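The structure under discussion appears below in the form of structure tokens.
The values are calculated or read from the model by the stated rules, or taken from the named source; none is laboratory data. Owing to the predicted nature of the structure, the values given are computational and were not obtained by experimental measurement. A quick note on method: Cβ atoms are made from the backbone with ideal geometry, for glycine too, and the neighbour counts reach across all protein chains shown. The area values use the complete protein model at the heavy-atom level, side chains included, leaving out ligands, DNA and RNA. Shrake-Rupley method; radii C 1.70, N 1.55, O 1.52, S 1.80 Å.
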Amino acid sequence: MTPTVPDKPSLEGLEAKWGARWETDGTYRFDRTATRDQVFAVDTPPPTVSGSLHVGHVFSYTHTDTIARFWRMRGRDVFYPMGWDDNGLPTERRVQNYFGVRCDPSLPYDPDFTAPREPAKRAISISRPNFVALCTGLTIEDEKAFEELFRHLGLSVDWTQTYTTIGERAQRTSQKAFLHHLREGLAYQAEAPTLWDVDFQTAVAQAELEDRERPGAYHRLRFRDPDGGPLDIDTTRPELLAACVAMVAHPDDVRFQKWFGQTATTPLFNQPVPIVAHPLADPDKGTGMAMVCTFGDVTDVVWWRELHLPVRAIIGRDGRITSTPPGLEGGPFEEIRGLKINAAQTRMVELLRESGDLIGEPQPITHPVKFYERGDRPLEIVTSRQWFIRTLDHRHELLERGRELRWHPPYMQGRYQSWVNGLNSDWLISRQRFFGVPFPLWYPVRPDGTIDHQHPIAADEARLPVDPSTDVPPGYTTDQRDQPGGFAGDPDVMDTWATSSLTPQIATGWADDPDLFARTFPMDVRPQAHEIIRTWLFSTVVRAHYLHNCLPWADAAISGWVLDPDRKKMSKSKGNVVTPIGLLGQYGSDAVRYWAASGRPGVDTTFDEGQMKVGRRLSIKVLNASKFVLSRAGEADPSAAVTVALDQAMLAGLADLIDEATSAFEGYDYARALERTETFFWRFCDDYLELVKGRAYGSQGPEAQASADRALTLALSAILRLFAPFLPFVTEEVWSWWQEGSVHRAPWPAAAELGAGTPVDRLVLDVAAAVLGEVRKAKSEAHQSMRAEVRRAVVSETPERLAALRLAAADVQEAGRIAELVLEEGAALAVKIELAEG
RNA sequence: GGGCGCUUAGCUCAGUUGGUUAGAGCACCGGCCUUACAAGCCGGGGGUCGGGGGUUCGAGUCCCUCAGCGCCCACCA
């Protein structure tokens, strides 16, 4: 094929041109005839749709894309779907504000409902199905914008495989998996104390917690020991005094052993409480004696459970003091009833100070307090009925799965192990929210109108997905909803992780496409960020272990974060926010990808526009070097032999590079593959191209020219393919000048294709470039042009290197414009240069 | 409290099993219109490889220790 090389190659417009072409040609389309062993399947992270994509997405998704492109060129059929995570709280909050609505799950579906154009002043109550429809509609627009950005970035996703986490397939999959677990006893419901967010009014799982350092104070309260003497404790939660159910000290604590088994009396309320022993009580903390309340913190829950203490709850789900424990009616408790927690604490301290039961002044401290990671107020612990998936009983199997998984980088496995080792409760999957996957369950309503939670009615698997708030369980009729003798739908939804833990099953069609599933599951790789190892990665392993008794994928590729130390400075000085689309427009997608791909696996990387400039320069260099090679040698005879030592040496180095890049990619180290390829390429341009230029123009006769031409085209072909995973647009552009088809479907280069076999003196290029460098240096120091003539150059070198240099002497002379080249044996490289006059 | 990672030139980072005077890019300085590229090319200066100790013929690389930064985990009265 005769190359068609533009006069002025440019990067402008390549994204649009090739994006459209790849779509038309189905370049990245998954071939459903491939069998599992021919497939490379990627469990792409579905980005949260509420909000916008930021440079962190560009960063990590590029990493995955380079891997996908590598395996595609290696001949694998790449299954690379995209998902949108539109399920969950962020979308709910947006819809509430955007439309001025709120979800009331007790309302029936209104098929005629249309959203108000402007948010109503008073929030309109709508049914859950109507609310969900609004959520879905609002996310579609964002999803379009996300797809456009990712296409512009050049992700080689198969956009026909897109799913959403609230979509029908995700719901079907989530519900089917839940029913599986239910049948096998791996899912269960329990009425138990759980961490509760009083603002979101929902239970929260261990994985969603974070500790925040908060100011607090130790308050010393004076209880009465069994003899009526003082017995002091320190507490940060004096407002929970009315919920005190015991006092506890360490079993070995000699100060308190005489009281174990006896009864103390609380201040203010004068309630009797047992004095008990438990090893979790720390003799060095406070007075060594603690009060146990239901519930002030998770230690209270442990004590309550293990010491079989009664429940005396006072905090309601709205975060106020609501329930009055028996025996406290009419007393000082009335002073705090109805108050929020902070106000209740203030009032309690006043009351205790008045009664003389507060000893000294509160001692301010800073201590870690548990928060929901998206929440603003400390979590409380309330008792409620929730659904759980068992994890504690399977800790050892799950640890073993973690060891079976191949981690990139390997040390990331430690995060998984420490998380699993630290699990202290089963996985709480129910949420008292609306925009999520409903539980496919109903409960019988007893004749007295109460709900019989112990006998849930499961949906028919063939009918999934169901919405129990509108669908009717098998054997019932619509009019029996919420009626005595009828049924009631489960009001909760699954936590978003309960759905996203099934992304492999959703993407591969486990619930509804057995053919696809057989070709793609278990998947090959899960790319994701390190902070969600404990949530997304862990929960995905749990689901696959239970559902399929295997890992969901063989490899986990963990990406770091984008650090932005200069963010302030940038926004101050320039006043414009750096958005991904702006960067892509300014530097070009290939350049931004270059920056992203230079971030090593798992390593946090600084946001660096300088690297994008370098990437742009590299892309332009690819255009220009390719232009030179193809316009000189594009019509080279493919059967010509590479006979010149310099050419052979260059190809030998390229063969080494191919081997190194290949094994780096196989180990998920795209960054190393890029770095090595780039280094080679610059040397190829700066040294080899300069050395070979004259010969390629025919200065040394047709055979020497043919060798150069052949070497140039072989090298260009391999280099373009090595760069293709990183710079998909510019490599495709150049490829199209002289090759049929897409470079992204071309075979990954192999060292063998470069005609290896004959022994090659690899020193030739090395020595020739070194001498050329000396000549350049001399001209630079003489303030001469590189074109300046050298009358005579005397090169001293070791005999071995001199022999190598001799093989490239003609090229060196020509590149350096050296009239007379003298070679002498010496200890190390030394070059004496006499420039011509003038 | 336990664990992991990082600390190499002004900046961003490479340095794979320990081996010749420690590398790249950016920035800086100087030079050059050289027929692929002036949004380019050529050259140059610049580092006691966080501190200390050890193993070794030899340590940026291995061991110990200390410090700083970041992250993960932890029952937080």
So in the range A:240-252, with the set limited to residues that are without any contact (Cβ under 8 Å) to a residue 60 or more places away in the chain and open to solvent by less than 10 Å² (accessible area, probe 1.4 Å), which one is nearest to A:LEU358 (Cα to Cα)?
A:MET247
Filter the range A:276-310 for residues that are among the charged types (D, E, K, R) and touching a residue at least 40 places away in the same chain (Cβ under 8 Å); the one that is nearest to A:PRO326 (Cα to Cα) is A:ASP300
How many residues does the range A:89-122 hold that are among the aliphatic types (A, V, I, L, M), surrounded by 15 or more Cβ atoms within 10 Å (Cβ to Cβ) and outside any helix (DSSP H, G or I)?
3
Keeping to the range A:256-265, report how many residues are surrounded by 20 or more Cβ atoms within 10 Å (Cβ to Cβ) and away from RNA strand B (no atom under 12 Å from the Cβ).
2
Report yes if A:ARG69 is more than 19 Å from A:ALA529 (Cβ to Cβ) and open to solvent by less than 30 Å² (accessible area, probe 1.4 Å), otherwise no.
yes
A careful count of residues in the range A:805-838 that are within 21 Å of A:ASP647 (Cβ to Cβ) and touching a residue at least 60 places away in the same chain (Cβ under 8 Å) gives 7
So, first residue under 19 Å from A:MET494 (Cβ atoms) in the range A:458-483, second residue modelled with pLDDT of 95 or more and among the β-branched types (Val, Ile, Thr), Cβ within less than 6 Å, six or more apart or across chains; the pairs are A:ALA459/A:VAL466; A:PRO473/A:ILE457
Among residues belonging to the range A:772-785 that are touching a residue at least 24 places away in the same chain (Cβ under 8 Å) and part of a loop (DSSP other than H, G, I, E, B), point out the one that is farthest from A:ALA815 (Cα to Cα).
A:ALA782
The range A:642-677, subset away from RNA strand B (no atom under 13 Å from the Cβ) and of a type in the set (S, T, N, Q), residue most open to solvent (accessible area, probe 1.4 Å)
A:THR643
Would a scan of the range A:409-417 turn up a residue that is within 12 Å of RNA strand B (Cβ to nearest atom) and in a strand (DSSP E or B)?
no
Exactly one condition in (1) open to solvent by 50 Å² or more (accessible area, probe 1.4 Å); (2) over 22 Å from A:LEU583 (Cβ atoms); (3) assigned to a helix (DSSP H, G or I) is false for A:LYS17; which is it?
(2)
Flagged in the range A:351-362 as exposed (fewer than 13 other Cβ atoms within 10 Å of the Cβ) and either on the phi < 0 side of the Ramachandran plot or hydrophobic (A, V, I, L, M, F, W, C) (or both), in numbering order, are A:GLU354, A:SER355, A:GLU361
Residues being among the polar types (S, T, N, Q), over 21 Å from A:ALA724 (Cβ atoms) and either in contact (Cβ under 8 Å) with a residue 24 or more places away in the chain or assigned to a helix (DSSP H, G or I) (or both) - total across the range A:604-642:
3
Candidates A:ALA133, A:ALA145 - the one that is at pLDDT 90 or above, farther than 20 Å from A:THR508 by Cα, open to solvent by 10 Å² or more (accessible area, probe 1.4 Å) and small (Gly, Ala, Ser)
A:ALA145
Hey, could you check the range A:176-212 for residues that are of a type in the set (Asp, Glu) and modelled with pLDDT under 90 and say which is nearest to A:CYS103 (Cα to Cα)?
A:ASP199
Residues in the range A:1-14 that are more than 13 Å from RNA strand B (Cβ to nearest atom) and open to solvent by 20 Å² or more (accessible area, probe 1.4 Å): how many?
3
Between A:VAL311, A:VAL276, A:VAL349, which is aliphatic (A, V, I, L, M) and within 12 Å of RNA strand B (Cβ to nearest atom)?
A:VAL276
Out of A:PRO522, A:PRO504, I need the residue that is open to solvent by 20 Å² or more (accessible area, probe 1.4 Å) and under 22 Å from A:PRO601 (Cβ atoms). Which one?
A:PRO522
Scan A:ASP467, A:ASP492 and give me the residue that is more than 16 Å from RNA strand B (Cβ to nearest atom), touching a helix residue (DSSP H, G or I) at 6+ places or on another chain (Cβ under 7 Å) and either among the hydrophobic types (A, V, I, L, M, F, W, C) or at pLDDT below 95 (or both).
A:ASP467
Of the residues that sit in the range A:413-430 and are surrounded by fewer than 18 Cβ atoms within 10 Å (Cβ to Cβ) and touching a residue at least 40 places away in the same chain (Cβ under 8 Å), which one is farthest from A:THR194 (Cα to Cα)?
A:LEU423
If you go through the range A:80-88 one residue at a time, do you hit one that is more than 32 Å from the chain's Cα centre (by Cα), buried (at least 17 other Cβ atoms within 10 Å of the Cβ) and part of a loop (DSSP other than H, G, I, E, B)?
no
Can you name the residue in the range A:537-588 that is within 12 Å of RNA strand B (Cβ to nearest atom) and open to solvent by less than 20 Å² (accessible area, probe 1.4 Å) and, of all such residues, is modelled with the lowest pLDDT?
A:GLY560
Tally of residues being touching a Pro at 6+ places or on another chain (Cβ under 9 Å), buried (at least 19 other Cβ atoms within 10 Å of the Cβ) and at pLDDT below 95 across the range A:738-758:
1
Can you find even one residue in the range A:428-446 that is within 21 Å of A:GLN528 (Cβ to Cβ) and in contact with a His (Cβ under 9 Å, 6 or more places away or on another chain)?
no
Can you pull out every residue in the range A:217-255 that is near RNA strand B (Cβ under 10 Å from one of its atoms), within 19 Å of A:LEU307 (Cβ to Cβ) and of a type in the set (D, E, K, R)?
A:ARG237, A:ASP253
Could you please give the count of residues in the range A:759-787 that are open to solvent by less than 30 Å² (accessible area, probe 1.4 Å) and more than 10 Å from RNA strand B (Cβ to nearest atom)?
4
